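The structure under discussion appears below in the form of structure tokens.
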Amino acid sequence: MFILLLALMAQEMPLQQSDVPELVTRASIYPDETVLELADRDTYLMGPGDMVTVVIAGGTSQYMMGAGFSPWAEYTVGGDGCLSVAGIGSIPVSGLTIEEAQKELQAMAARYYPSVSVTLSLEKPRFLKVNVGGMVSQPGTYVLSALDRVSDALLLAGGISSFGSRHGVMYTADGDSIPVNLEMIPGTATHVSDPFLLNNADIIMEVCRNPVFILSSASGMESMEPKSGEDLRSLLSRMGGVGGDVDLSRSMILRDGERFGAWSDSLGFNTMSLRPGDTLLFVSLRDSVTVGGAVKHPGLVPYDPGNTVEDYVVYAGGRLHTSGSGISVRRNGRDVDFEGDPRTARLMPGDVVEVGYDWFARNGTMVKVLVSVVSLGITIYNVATR
């Protein structure tokens with residue numbers, strides 16, 4: 001039990017500065033992930049650190065074997081950007097595509113061995129260091145592979161922050177700028193512009209101007225800038241849709257204190273045009289409010305954006321006869337202060353409502369003890385004065 005307690009305490013202890021690595025790598029967060037995007041032989045640009053496989057077919061001779069020739073071998077592109085192949089020589093490949101590098105290697109091999117055929121393939125891509133900043137949850141420097149994209153770097157950086165845009169720029173070490181647009185192409189599962197990473201690049205995500213706010217218990221809050229006259233269905237297509245556990249029938253569009261249903265079983269999505277400042281509240285099938293204290297059936301009540309605090313109390317069976325007038329609401333571990341009567345306030349998924357007992361009900365035992373003590377004291381006094 002003592003060892004278990006120590007383990008739990010260790011989990012709760014905050015990380016010290018020395019415990020945090022300077023560079024966060026994909027492997028440190030996803031140690032079991034080995035799947036990478038397929039390298040395009042005509043677009044992937046080779047560089048120092050790439051591991052390649054060279055296969056040379058067409059027969060071998062004693063002379064070739066003496067020169068160190070190997071029909072199959074793995075090599076790594078050197079820090080100078082050159083690929084050195086035993087028995088053939090060294091060629092600069094940095095900045096060349098895989099197909100271009102293969103042609104260069106074939107041409108060099110043909111000088112000495114006219115009958116051989118050379119095949120070059122990428123075995124493992126090189127690692128890159130990129131800097132991620134702007135409107136992201138965890139700005140910093142991260143290590144990824146040359147087959148990773150901007151979206152992979154943002155994933156390591158904790159994703160785009162609540163007020164961040166899906167638009168940004170990747171600045172290369174050469175001073176070029178490559179636009180980033182992580183909105184989805186409607187009708188597909190593809191980003192508009194999600195470029196491959198480049199070494200020592202700076203990725204800067206922009207602030208979302210004139211946003212519509214999207215709230216859900218699963219992903220928290222994010223922002224999207226609506227196009228002129230755009231409705232909910234169109235915006236969702238650019239977002240890539242919503243989670244499968246979203247209950248559209250309980251989801252709402254909030255505007256200037258008014259509430260509009262996001263979905264109708266007869267009409268489908270609400271077709272009203274969205275405006276900057278609107279809030280889309282997506283309710284999960286599992287979203288609920290906890291009601292406790294002096295109610296008949298304490299526990300979870302399904303969340304509904306239209307319910308007030310008093311509505312949730314009613315759904316929890318109503319107040320006990322020992323309840324008082326006090327009601328408290330806690331959100332993320334903190335008390336929520338409402339303007340006016342808290343019973344008419346609207347809640348958020350995960351809120352905790354506590355209905356207080358009246359003073360005598362809560363302190364009944366203490367009152368009984370005090371009454372008994374006073375009665376005993378009076379009895380003793382009466383006996384002593386006789």
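Only the coordinates and a few stated rules stand behind these numbers; no lab work does. Computed from a predicted model, the values in this text were never measured in an experiment. Cβ atoms come from the backbone with ideal geometry, glycine included; neighbour counts cover every protein chain shown.
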Subject >> Length gained when the stretch THR308-LEU267 is fully extended (0.36 nm per residue, less Cα-Cα span) >> reply: 12.1 nm
Original post:
Check SER165: other-chain or 5+ apart residues with amide H under 5 Å from its amide H, H built from backbone geometry?
Top reply: GLU206, VAL207, CYS208
Original post:
Using Cα pairs under 8 angstrom and six or more residues apart, how large is the relative contact order of the range 51-124, in percent?
Top reply: 40 percent
Original post:
Stretch ASP358-GLN106 to full length: gain in nm at 0.36 nm per residue minus the Cα-Cα span?
Top reply: 81.8 nm
Subject >> Label point at ARG233 placed 7 Å out along Cα→Cβ; residues across the range 182-225 whose backbone nitrogen lies under 18 Å >> reply: 185-188
**OP:** Could you calculate the contour length gain from TRP72 to ILE91, that is, 0.36 nm times the residue separation minus the distance between their Cα atoms, to one decimal place in nm?
**Re:** 5.1 nm
